[in-house]
1. Mind checking which residues of segment 50-78 are of a type in the set (D, E, K, R) and farther than 16 Å from residue 95 by Cα?
2. Return a yes/no flag: does segment 166-179 have any residue that is under 34 Å from the mean Cα position of the chain (by Cα), surrounded by 16 or more Cβ atoms within 10 Å (Cβ to Cβ) and within 13 Å of residue 202 (Cβ to Cβ).
3. Quick check on segment 33-45. Is at least one of its residues free of Cβ contacts under 8 Å to residues at least 24 places away in the same chain and over 30 Å from residue 176 (Cα atoms)?
4. Contact list please: Cβ distance under 6 Å, first residue in segment 14-26 and touching a residue at least 40 places away in the same chain (Cβ under 8 Å), second residue small (Gly, Ala, Ser), pairs at least six apart or on different chains.
5. Give 133, 91 a once-over and let me know the one that is at pLDDT below 90 and surrounded by 14 or more Cβ atoms within 10 Å (Cβ to Cβ).
6. Out of all the residues in segment 134-151, is one or more touching a residue at least 24 places away in the same chain (Cβ under 8 Å), within 30 Å of residue 243 (Cβ to Cβ) and assigned by TED's automatic domain parsing to the domain that holds residue 181?
7. Show me the strands (runs of 3 or more DSSP E) entirely contained within segment 78-155 in which 1 or more residues are under 18 Å from residue 58 (Cα atoms) and within 30 Å of the chain's Cα centre (by Cα).
8. If you check residue 209 against the conditions, is it farther than 15 Å from residue 113 by Cα, among the acidic types (Asp, Glu) and either modelled with pLDDT of 90 or more or under 32 Å from the mean Cα position of the chain (by Cα) (or both)?
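The values are calculated or read from the model by the stated rules, or taken from the named source; none is laboratory data. Just so it is clear, the structure is predicted and the values come from calculations on it, not from any experiment. Counting neighbours? That spans all protein chains shown, and the Cβs are built from the backbone with ideal geometry, glycine included.
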Amino acid sequence: MSLLLKLGWRNIWRNKRRSIITILAVTFAVMLSIAMRGIQLGTYDVNIRHVVELFAGYIQIQVPGYQKNPTLQKSFSPTDRLLAFMRSDSRIVGSAPRIVGDGLVSLRDKSQGALLFGVSPNDERLASKLMGRVVHGRFLLEGQDTEVVVGDKLFENLSASIGEQIVVLAQGYDGSLGNLKFTIVGTVKTGMPEFDQSSVFMTLPAAQELLVMDGKVSVLTLRLRDLSEIDPVKESLREPLGEGLVALSWKEVLPDFDQSIQLDNVSGMLTLAILIIVVAFGITNTVLMSVTERFREFGIILSVGMQPKKLVVLVFLETMIIVLIGLILGNVLAAGINLYIMNNPIVFSGDFEQMYAEYGFLPRLESTLRLSSFLNISLSVLGISVIAMFYPIAKVIRLEPLKGIRHT
């Protein structure tokens, strides 16, 4: 084997230009594939964290059926056992009870439908980053039950000012209509147009009074240390939840957002597959040319007694040396590119910023050095390279010594 390896190493440099071009092609394909995949996964991660930490949560605890048909009747009172579990589990950074309802907001001669949120300001500080999205005024304070914070677009549509009073009309849990006056103390801008033009945030006690909830909440939102802990935490919640509640991950709470990521992921995978297939054709061409121009040499070697299987191993080793050199160089260069983008994210502005915001994404590209990206793409290139050798090796196997010697 050592002799065949030495012969293979020498053979690939018999035509330096062709070998170097093939190595560079493999290097470029591997580098580009890993860099693109790293940027793709890194951008997904930062956008998922942005969305779930902004308000949606990593996990939401609800009554079964609430996600498909959210009504006040599908509310619940958190048990002491459930609250104790959430406080004791180190994987849970914070939890926040919320009430969600519909209402009508009026200011002077203007009225608009609104999505009402009853929140606990102290809990929201740990469970979400909503407070960091305040653009005017301030966020709610615990105990200030006559204050509201509204979406930035709703604030503009109402032509409101900080400090003005609005009237919120809503149908309660028992079917009765109620209304309360609130003072606007701030506005929030999440970057999601539909959310910003309809959301009204009030304290949990104020929402319970307005909607006659009597200690009930619509959802419990959990913030975790990492996305990878969602499934383990959901499994741990089975017993504390009992039969009356379910734990839904962000994918189940935000199916449209998850589907948009999956669609983009599939398109990215197809692009990488096309790139790798193009490289496979290049490898096939290189190996086939190398084998064909040495038919006379192979015929002489076979005629003096060399076994055909050793000739096949020789061709295989030559190809693997070229591919492995390209893989090593490509991985090193891709790691450098991904590391640079991790430290220097690409930030978009102008039309691109608006386009990203429309789909709920942050207008920037980030990257990651996730081991799976390097491993999966390297194995894919290696596998497609082995497949690319089938045709050239088949010609070597069928080569007869006399025909090889006579080949010109």
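1. 68, 74
2. Checking segment 166-179: not a single residue is under 34 Å from the mean Cα position of the chain (by Cα), surrounded by 16 or more Cβ atoms within 10 Å (Cβ to Cβ) and within 13 Å of residue 202 (Cβ to Cβ).
3. No, because not a single residue in segment 33-45 is free of Cβ contacts under 8 Å to residues at least 24 places away in the same chain and over 30 Å from residue 176 (Cα atoms).
4. If the second residue must be small (Gly, Ala, Ser), the pairs left are 23/326; 25/282; 26/326.
5. 133
6. Looking through segment 134-151, none of the residues is touching a residue at least 24 places away in the same chain (Cβ under 8 Å), within 30 Å of residue 243 (Cβ to Cβ) and assigned by TED's automatic domain parsing to the domain that holds residue 181.
7. Result: 92-107, 110-119.
8. yes
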